[in-house]
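Undergrad: Structure incoming, see below.
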Amino acid sequence: METRIVVVALALTLATLASCTNAPEYSRDGASDDQRRTDEALCRAQVDSLMVKDRNIAADREATLGATDERFGRSQLPRDMAAREDRNRSRRLMQNCMSARGWTVNKGLF
């Protein structure tokens with residue numbers, strides 16, 4: 001259970017960092033900054049919720065099956081890879097959500 005809490009906290013931290021670093025600028029014809037901020041906040045909440053669920057599943061799987069990588073002394077690389085995949089997935093989910101709301105990513109940022 002303690003491992004699960006740590007993983008959830010890590011996932012939330014990574015999601016927050018991913019949203020702050022290299023965050024794309026979105027545009028939509030006729031939309032105000034307030035509309036963009038509202039949609040970004042709604043999408044961010046949705047993405048954060050999905051990411052927490054994903055990390056909980058991974059933590060449950062690890063708790064059930066055991067931490068194979070740690071038993072074989074390979075702990076840092078799998079963690080780094082998981083963190084990178086979390087950032088990439090979070091970014092894709094955010095872009096998909098904003099796109100579904102009619103926003104496009106300004107060219108040159110991604």
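Undergrad: Using a 7 Å offset from the Cα along the Cα-to-Cβ direction at both Asp33 and Arg79, what is the distance between the two label points in nm, to one decimal?
TA: 4.0 nm
Undergrad: What is the fewest-to-most order of Glu85, Glu62 by other Cβ atoms lying within 10 Å of their Cβ?
TA: Listed from fewest to most nearby Cβ atoms, that is Glu85, Glu62.
Every number here is computed from the coordinates shown, using simple stated rules; none is lab data. Remember, predicted model here, so these are calculated numbers, not experimental data. Cβ sites come from the backbone with ideal geometry, for glycine too, and all protein chains shown count toward neighbours.
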